[in-house]
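Comments concern the structure below.
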Amino acid sequence: MKSCHSRRADAADSGRRGFTLVEVLASLLLMAIIIPVAMQGMSIASRAGIVSQRKAAALRVAERVMDEMIATNQLTQNSTSGSQTDGDTTYAWTMTAEPWTADTMTQLSVRVTFTVQGHDYDVAASTLFDPATTGPNATSS
């Protein structure tokens, strides 16, 4: 059997089982440090994901531009530019055609630029092709 004195001690202990003001302030300070760092990390991860998706789309645009230029034989100019839309983003592109130094082939390069969250990014693609095999002067075997 418990005495009256031990019951009062148990009641007094049960009132002291909460957090102290110092513990609450320390946990709030810790949260004030951790939450902004975690949000910055989420922002960086989100931007990285968007940039990788846009780079893949920009590469598709570059390949389309190269294929179209070769197929329609629009390589009479050394440099051409334009823009194409893929999804909800418009990509600006610049194409250059230069003679290949080691052979009679032509090097076709396309640079596609885009912006993600205020930062500019670009993707470049190049290919070699033989102008004698495309266009109106092409000969078939």
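I'd like to know if segment 128-137 contains one or more residues that are modelled with pLDDT under 85, assigned to a strand (DSSP E or B), under 30 Å from Ala48 (Cα atoms) and open to solvent by less than 80 Å² (accessible area, probe 1.4 Å). Talk me through it step by step, then tell me what you get.
Applying the first criterion (modelled with pLDDT under 85) to segment 128-137 yields 129-137.
Next, from what is left, pick out any that are assigned to a strand (DSSP E or B): 129.
Keeping just the survivors that are under 30 Å from Ala48 (Cα atoms) gives none.
So far as segment 128-137 goes, no, none of its residues is modelled with pLDDT under 85, assigned to a strand (DSSP E or B), under 30 Å from Ala48 (Cα atoms) and open to solvent by less than 80 Å² (accessible area, probe 1.4 Å).
How about segment 84-109: which of its residues are part of a strand (DSSP E or B) and under 19 Å from Val51 (Cβ atoms)? Reasoning before the result, please.
At the first step, the residues of segment 84-109 found to be part of a strand (DSSP E or B) are 84-86, 89-99, 106-109.
Once the filter is applied, which keeps residues that are part of a strand (DSSP E or B) and under 19 Å from Val51 (Cβ atoms), segment 84-109 yields Gln84, Thr85, Asp86, Thr89, Thr90, Tyr91, Ala92, Trp93.
List the number of the failed condition for Leu75; all other conditions in (1) touching a strand residue (DSSP E or B) at 6+ places or on another chain (Cβ under 6 Å); (2) assigned to a helix (DSSP H, G or I); (3) modelled with pLDDT under 90 hold.
Going through (1) touching a strand residue (DSSP E or B) at 6+ places or on another chain (Cβ under 6 Å); (2) assigned to a helix (DSSP H, G or I); (3) modelled with pLDDT under 90 one by one, Leu75 breaks only (2).
Scan segment 82-110 residue by residue and report those that are among the acidic types (Asp, Glu), surrounded by 11 or more Cβ atoms within 10 Å (Cβ to Cβ) and under 20 Å from Thr133 (Cα atoms).
The initial filter retains those residues of segment 82-110 that are among the acidic types (Asp, Glu), namely 86, 88, 98, 103.
Subset that is surrounded by 11 or more Cβ atoms within 10 Å (Cβ to Cβ): 86, 98.
If the condition is that a residue be among the acidic types (Asp, Glu), surrounded by 11 or more Cβ atoms within 10 Å (Cβ to Cβ) and under 20 Å from Thr133 (Cα atoms), then Glu98 is the only one that fits.
One line per residue, one yes/no per condition, for (1) of a type in the set (Ser, Thr, Tyr); (2) modelled with pLDDT under 90; (3) in contact with a Cys (Cβ under 6 Å, 6 or more places away or on another chain):
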| site | (1), (2), (3) |
| --- | --- |
| Arg47 | no, yes, no |
| Gln53 | no, no, no |
| Glu68 | no, yes, no |
| Asp88 | no, yes, no |
| Thr94 | yes, no, no |
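Kindly indicate the residue of segment 38-64 that is open to solvent by less than 40 Å² (accessible area, probe 1.4 Å) and under 14 Å from the mean Cα position of the chain (by Cα) and also farthest from Asp88 (Cα to Cα) among those meeting that condition.
Gly49
Can you list residue pairs whose Cβ atoms sit under 7 Å apart, with the first residue in segment 33-52 being closer than 30 Å to Val112 by Cβ and the second being open to solvent by 60 Å² or more (accessible area, probe 1.4 Å)? Count only pairs 6 or more apart in sequence or on different chains.
Correct list of pairs: Arg47/Gln117.
Need the failing condition index for Val112 against (1) in contact (Cβ under 8 Å) with a residue 40 or more places away in the chain; (2) touching a strand residue (DSSP E or B) at 6+ places or on another chain (Cβ under 9 Å); (3) more than 26 Å from Ile44 (Cβ to Cβ); (4) of a type outside the set (D, E, K, R), just the number.
Unmet condition: (3).
The values are calculated or read from the model by the stated rules, or taken from the named source; none is laboratory data. Source: prediction; values computed, not measured. Note: ideal-geometry Cβ built from the backbone for every residue, glycine included; neighbour counts use all protein chains shown. Remember, those area values only see protein heavy atoms, side chains included, never the ligands or the DNA or RNA. Shrake-Rupley method; radii C 1.70, N 1.55, O 1.52, S 1.80 Å.
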